[in-house]
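Engineer: Dumping the structure here so I can ask a few things about it.
The values are calculated or read from the model by the stated rules, or taken from the named source; none is laboratory data. Predicted, not measured: the structure shown is a model, and the values here were computed from it. Backbone-built Cβ (ideal geometry, glycine too); neighbour counts: all protein chains shown. Calculation scope for accessible area: heavy atoms of the full protein, side chains included, ligands and nucleic acids excluded. Shrake-Rupley method; radii C 1.70, N 1.55, O 1.52, S 1.80 Å.
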Amino acid sequence: MTGIINRLEQGLSGGQFSFESPCYIYDPTVLKDNINALEKELGTPVIISIKANPSVELNLRLIDRGVEVASLKELNLAVNCNKIYINNPSMDKNLMRAGIAAKAFFIIDTQEQLQQLIALAGNRPLQPVILRCNVDVVSSLLPDAPAIRKDHFGMDLTSLLAAARYIRDNEKVQLLGFHLFGGSHTFQRFATYIARAALALIPLIEESYGSDIALVNLGGGFGEHWWGLQESFAAYHQALSRFPQHIELVHEAGRATFASCGVFMTTVVGTKRIAGQHYAICDGGMNQNFLLCQTENSFRRMRQPYCVRKGSQIPLENNADQKTILVGSTCSRDDVIGHYPGEDIQAGDILLFDQCGAYHSTYTVNRFLGLKEAAYYVIS
Ligand SMILES: Cc1ncc(COP(=O)(O)O)c(C=O)c1O
């Protein structure tokens, strides 16, 4: 059980805490601790991907950090942060204009995007830019690398080098470096290949640009439980130690820093039995926390929440043969948010799902049936 769950269980069962249900509850201290721990493990700065949790109160705590944003709304949230990186293949003129005014660093997806940015900047100064590499660069430079899932971000090797030459020949803009992100959850399988490909790319880019670059963003793809991967980190540190002195390495993280700082809370509104199966119907479900339903996974491994009953402790029936299926408040058959061992669940019980601090609140279908949005609270 995590510290935040422990506090919530005590506060809710003892009546000291009362939250509107359903809701998200965040602890910014956990966010800070996660960022510090990941930076310590990596030995590099970690840029925070605001898309993982664009809530105002949490992001106020990121003011001294580098952050990565992908929309105008996120940029507005991040505008006072130490360094802002903007990255989106579909960046529009409004986002570009605002980013120029905010002195943000643009991560360039295509040469056309760069040309548009330069045209929009006019006489205003532009920060040196960062080129986004497509994952195809890894297989182009390392024939022994395992296949990484293809995506549509950034440039292949030929386009990257052409973009570097374009910048070399353009007085308006300089090249800061490049960004190579293998995708979410890729750290364990691909991080050393990403690092090796990035190392091989540096002289090629520098040759095309005609000068040294200063920054390489290696993405990361760190999972929620990254600290359990000591062996992967040991191999990765070796790969990082080969980078030349003039290069500053940075990483980027969303879920690894936000996930464990947030809890989703929903309340049981009723129970029923159908053909021997016990169900608990909750006031929150896929509309407020789509990811719990795991509709995008072929094998749904349902989550088990902690259950709190006001004024008492509920012993967990770990050996129970039966389980209660926890369902949400829409009319979708897929609105199944978890399982609970045993059948000791009743109306009024409060369910707490941990590890819901990243993506859960925003990656959701909140207009379905016009149900109410989850409230959110920050405790520390
Ligand atoms: C470019 C980039 N960096 C970082 C992230 C954050 O990913 P994660 O939350 O898996 O760390 C994303 C997620 O989509 C991304 O697109």
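Engineer: Restricting attention to the range 294-361, which GluC sites (Glu not before Pro) occupy a DSSP loop and are surrounded by at most 15 other Cβ atoms within 10 Å?
Structural biologist: When the GluC sites (Glu not before Pro) of the range 294-361 are filtered for loop state and at most 15 Cβ neighbours within 10 Å, Glu296, Glu317 remain.
Engineer: Express the accessible area of the range 28-258 per residue in Å², computed with a 1.4 Å probe while the remaining protein chains stay in the model. Before the final figure, lay out each step's value.
Structural biologist: Details: 10160 Å² over 231 residues.
Result: 44 Å² per residue.
Engineer: Heavy atoms only, probe 1.4 angstrom, no DNA, RNA or ligands counted: give me Asp283, Asp335, Asp321, Asp64 ranked by accessible area, highest first.
Structural biologist: The ordering from most to least exposed comes out as Asp321, Asp64, Asp283, Asp335.
Engineer: Using only the Cα atoms of the range 149-308, build the gyration tensor, take square roots of its eigenvalues as a ≥ b ≥ c, and label the shape rounded, prolate or oblate: rounded if a/c is under 1.5, else prolate if a/b is larger than b/c, else oblate.
Structural biologist: prolate
Engineer: Between Asn76, Asn217, Asn170, find the one with the highest GNM mean-square fluctuation for the chain; connect C-alpha pairs within less than 10 Å.
Structural biologist: Ranking Asn76, Asn217, Asn170 by mean-square fluctuation puts Asn170 first.
Engineer: Leaving ligands, DNA and RNA out of it, rank Glu39, Glu74, Glu171, Glu248 by accessible area with a 1.4 Å probe, largest first.
Structural biologist: These residues rank, largest area first, as Glu171, Glu248, Glu39, Glu74.
Engineer: Another question, then. Whole-Hz Karplus ³J(HN,Hα) for the range 224-239, in order, using 6.51 cos²θ - 1.76 cosθ + 1.60 and θ = phi - 60°, x for Gly and Pro?
Structural biologist: Along the range 224-239, the couplings run 5, 10, 4, 5, x, 10, 4, 5, 4, 5, 4, 5, 5, 4, 4, 4 Hz.
Engineer: If you average the C-alpha positions of the range 1-76 and of the range 170-188 separately, how far apart do those two centres end up, in angstrom?
Structural biologist: Distance between centres, Cα-based: 25 Å.
Engineer: What number do you get for the range 55-203 when its Cα radius of gyration is normalised by 2.2 N^0.38 Å, N = residues?
Structural biologist: 1.08
Engineer: Run through the range 108-152 and list the trypsin sites (Lys or Arg not before Pro) located in a DSSP loop whose Cβ has at most 15 other Cβ atoms within 10 Å. Before the final figure, lay out the partial values.
Structural biologist: Details: sites: Arg132, Arg149, Lys150; in loops: Arg149, Lys150.
Passing both the DSSP loop test and the Cβ count: Arg149, Lys150.
Engineer: Given H placed 1.01 Å from N in the peptide plane, which residues other than close sequence neighbours of Glu68 have an amide H under 5 Å from its amide H?
Structural biologist: Ile48, Ser49, Ile50, Tyr85
Engineer: Per DSSP helix of 4 or more residues, -39500 (n - 2.57); summed, then divided by the residues of the chain. What does that give at 222 nm, rounded to the nearest 500?
Structural biologist: It comes out at -9000 deg cm²/dmol, rounded to the nearest 500.
Engineer: Heavy atoms only, probe 1.4 Å: what % of the accessible area of the chain goes to carbon and sulfur, would you let me know?
Structural biologist: Within the chain, the accessible surface is 48 percent carbon and sulfur.
Engineer: Could you check how many percent of all C-alpha pairs in the chain are farther apart than 32 Å?
Structural biologist: Result: 41 percent of Cα pairs exceed 32 Å.
Engineer: What residues have an amide H closer than 5 Å to that of Tyr359, excluding those fewer than 5 places away on the same chain, when H is modeled at 1.01 Å from N in the peptide plane?
Structural biologist: Asn53
Engineer: Another question about this same structure. Given 20 °C and 1.002 mPa s, compute D for the range 241-380 with the Stokes-Einstein relation, Rh being the Kirkwood radius over Cα pairs; round to the nearest whole µm²/s.
Structural biologist: Calculated translational D: 129 µm²/s.
Engineer: What do you reckon, how do Val79, Val46 stack up by accessible area (1.4 Å probe), largest on top?
Structural biologist: Ranked list, largest accessible area first: Val79, Val46.
Engineer: Do any trypsin sites (Lys or Arg not before Pro) in the range 222-303 lie in a loop, going by DSSP, with at most 15 other beta-carbon atoms within 10 Å of their beta carbon, and if so which?
Structural biologist: Counting only loop positions with at most 15 other Cβ atoms within 10 Å, the trypsin sites (Lys or Arg not before Pro) in the range 222-303 are Arg242, Arg300, Arg301.
Engineer: What do you get for the angle between helix 28-42 and the principal long axis of the chain? Use alpha-carbon atoms, 0 to 90 degrees, nearest ten.
Structural biologist: Helix 28-42 sits at roughly 50 degrees to that axis.
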